[in-house]
């Protein structure tokens, strides 16, 4: 399988970084930032299991 | 650098025969001899890599780990406790299909403070499409019976759900099932190409990622929307993880996530025959016809784990992984929230650790980042309820 078709699809880095800068921490906290994922078995459950 | 995770595959055997499983030889009943377990933990004790750490995370992964039997674990845990002798605080977890769980297992889990993750792909029809018994019947009822037993014993479990062509188009059904079934923490893996699973149902015959990208973005966007609209009942590993990386990157523009899978010795996996692997745990599945392709050696032959990490083979693999990460850094707009991806996925998809983009990172990093950024952008314009289910999808 080749990934070549998608390699150039990514949004330009400046755009990703700029949009990251517009986020606010309250929003990211709603999504779960700061949660202790490492204590959960699913943190380590890689791949098709 | 520390030993972040020790993965032990006590058997490859599994009572199920899930279509997408990455472990070969799942009908092989061979079990890890406790002598090899003893050698492993004595080697951990002598390992310079782990000399500065107190916590040691141990993940029992197979096959079906419970297929090794309760007596095996009783003996194994006693042995490990005796060898580590309080030098390490070992924290054990098990990822199971839940079908073999009994009250006796729960007593053991509680007594030993073992954390349990259960593999469930959604409601019965969806779950049974891929997670079948060896007789070809569905495993949903047996898995949910196991979940019920766990809960009756006061155990909280998280869920690991593999996204396949069966369920990636059905986010509403999955969300409703996981919430109504009382789960609070869910992880969504995408079906990956690895080990004996040579193709992913997410990727069509044409082989490009455009279709799965679109499907994954729609799935995660809708799941985020549902979770928000219902008051955030689920912690979703992928969203929590990418949100933390985004936050770290926002706070420090030079931040790059540290990926344990890329670092020699940070994750070590031992299989039932004593072979030891580093980097991505699924490398223990080897290649068809070459199961030990990525083995660093056997625990029988070394005094310390450090001996396995300084071989020429280990250095060659690490060099190739480093090349791949460097290429990701140069090429990919999402490197700051990714860190360079999984070496295992790179090799299984592209035949080289020096490769860059994979199915997994296309979906679980690139598209996921766009979902999170897109949802925020949508939420801002007029200040109205940004999470309304009546509104347009984020993606």
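Laid out as a table, the results:
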{"quantity": "Highest-fluctuation residue, B:74, B:199, B:170 considered, GNM on chain B with Cα pairs under 10 Å", "calculated": "B:74"}
{"quantity": "Label-to-label distance, nm, for residues given as residue B:229 and residue B:292 (7 Å Cα→Cβ offset)", "calculated": "5.5 nm"}
{"quantity": "Average beta-carbon neighbours from other chains, 10 Å sphere, peptide A:17-26", "calculated": "5"}
{"quantity": "Cα-projected label distance for residue B:125 with residue B:152, points at 7 Å along beta-carbon direction, nm", "calculated": "3.0 nm"}
{"quantity": "Label-point separation, residue B:306 to residue B:133 (7 Å along Cα→Cβ), nm", "calculated": "5.1 nm"}
{"quantity": "Gaussian network model of chain B, springs between alpha carbon atoms under 10 Å - residue of B:324, B:351, B:297 with greatest fluctuation", "calculated": "B:351"}
{"quantity": "Extension gain from residue B:181 to residue B:78, taking 0.36 nm per residue of separation minus the Cα-Cα distance", "calculated": "33.6 nm"}
{"quantity": "Paramagnetic reach from residue A:17 in the range B:329-343 [backbone N under 17 Å; point 7 Å along Cα→Cβ]", "calculated": "B:329-340"}
{"quantity": "Percentage relative contact order, chain B, counting C-alpha pairs under 8 Å, at least six apart", "calculated": "18 percent"}
{"quantity": "Exposure proxy ranking, count of Cβ atoms within 10 Å, fewest first, for B:21, B:332", "calculated": "B:332, B:21"}
{"quantity": "Sequence of B:70, B:202, B:174, B:268 once ranked by neighbouring C-beta atoms within 10 Å, starting from the fewest", "calculated": "B:70, B:202, B:174, B:268"}
{"quantity": "Shielding of B:246-253 by partner chains, average beta-carbon count, 10 Å", "calculated": "5"}
{"quantity": "Burial ordering of B:198, B:287, A:23, fewest other beta-carbon atoms within 10 Å first", "calculated": "B:198, B:287, A:23"}
{"quantity": "Among B:27, B:241, B:165: highest mean-square fluctuation, GNM of chain B, C-alpha pairs under 10 Å", "calculated": "B:241"}
{"quantity": "The range B:23-97: relative contact order in percent, alpha carbon pairs under 8 Å with at least 6 residues between", "calculated": "46 percent"}
{"quantity": "Fraction of beta bridges assigned by DSSP in the range B:1-98 that are antiparallel (%, nearest 5)", "calculated": "10 percent"}
{"quantity": "Peptide-level mean, for B:233-245, of C-beta atoms on other protein chains within 10 Å", "calculated": "5"}
{"quantity": "The range B:15-166: relative contact order as a whole-number percent, Cα under 8 Å and 6+ apart", "calculated": "26 percent"}
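Quick note: the coordinates plus some simple rules give every number you see, no bench work behind them. Only a predicted model underlies this, so the values are computations on that prediction, with no experimental measurement involved. For neighbour counting, all protein chains shown are included, and Cβ atoms are generated from backbone atoms with ideal geometry for every residue, glycine included.
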